[in-house]
1. Measure nothing but the geometry: give the 0 to 90° angle between the long axis through the Cα atoms of 89-102 and the longest principal axis through the Cα atoms of the chain, rounded to 10°.
2. Given labels modelled 7 Å from the Cα in the Cβ direction, how far is it in nm from ARG37 to SER18?
3. First select every other residue whose beta carbon is under 13 angstrom from the beta carbon of ASP24; then total the charges, Lys and Arg +1, Asp and Glu -1.
4. ³J(HN,Hα) across the stretch 76-88 via Karplus (A = 6.51, B = -1.76, C = 1.60, θ = phi - 60°), whole Hz, x for Gly/Pro?
5. At 20 °C and a viscosity of 1.002 mPa s, what translational diffusion coefficient does Stokes-Einstein give for the chain, taking Rh as the Kirkwood radius over Cα pairs? Give it in µm²/s as a whole number.
6. What number comes out for the charge environment of SER36, summing +1 per Lys or Arg and -1 per Asp or Glu over other residues with Cβ under 13 Å away?
7. Report the one residue of ASN129, ILE32, ASN88 whose Cα lies farthest in the direction of the positive end of the charge dipole of the chain (charges on C-beta: Lys and Arg +1, Asp and Glu -1; origin at the Cα centre).
8. Take LYS82, LYS121 and order them by how many other Cβ atoms sit within 10 Å, fewest up front.
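The numbers here are math on the coordinates, done by the rules we state, and not lab data. The shown structure was predicted, so the numbers you read here are calculated from the model rather than taken from an experiment. Glycine also receives a Cβ, built like all others from the backbone with ideal geometry; neighbour counts cover every protein chain displayed.
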Amino acid sequence: MQNSFVIEHIDRLLTSFSSLLGRDLILRRGNIEEQSRTLFHTPRVIVSHGIEDDPILNYGNEAALCLWEMTWDELVQTPSRKTAEPINRAEREQLLTRTRHNGYIDDYSGVRISKTGKRFKIDQAIIWNISDAHGRYCGQAATFDTWQFLAVEAQSDVKTNIQ
C-alpha cells in the first residue's frame, strides 16, 4: 500500500483538508511516510475517490476497510457509487456536486452499505475536494467518526453491488 501514488495522494488529501477547513485532519509530524502510517491507523474513517467518469475509490484507511468489509485490493477497484445503495445514489450525487462547488461540506449524514450488505448510517461526515499543488482537482475525500449499524431486519432484502 505504501507506493508512490498513495504517498503523493495522502499528501494532497491532507494538504487539501487543511487548506479548505483551516485545521489538520491528523497531527502532521514526521515525514509524509510517517503521516501516511498515522492516517492509515487513525480511528476515523477516511476514504477517497478519483476523477474517473465513474469515480473509483483510491484510498481507504484501516477503519474504512473494516467498515466496508474490504481488502485494500477490493477497495481500490470499487466505484465509489457502490458504497451507497442504488436508492440513495441520486442523493449521494447531489452531495458530491455540492461539495465540488463549495470545496467542502461538514454536515453530511446518510446510509451506506458494506460489501456484505451491512447497512450503516454515518453522521457529521466531512467531504472535501482534493487538489494538487497547482490547484487542479484530483477527486474527493470523506471522513467521519460516527456511524451506526442499522437493524438486521432492514437488511434482509438488501443485496450489494460491490462485489
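1. For helix 89-102, the angle is close to 20 degrees.
2. 1.9 nm
3. On the way: positive: ARG23, ARG28, ARG29, ARG44; negative: ASP11.
Residues close to ASP24 contribute a combined charge of +3.
4. In residue order, the calculated couplings are 6, 10, 9, x, 4, 4, 7, 7, 10, 5, x, 5, 9 Hz.
5. Numbers: Rh = 16.0 Å.
Using the Kirkwood radius from Cα pairs, D works out to 134 µm²/s.
6. For residues surrounding SER36, the net value is -1.
7. Toward the positive end, the furthest listed residue is ASN88.
8. Going from sparsest to densest Cβ surroundings: LYS121, LYS82.
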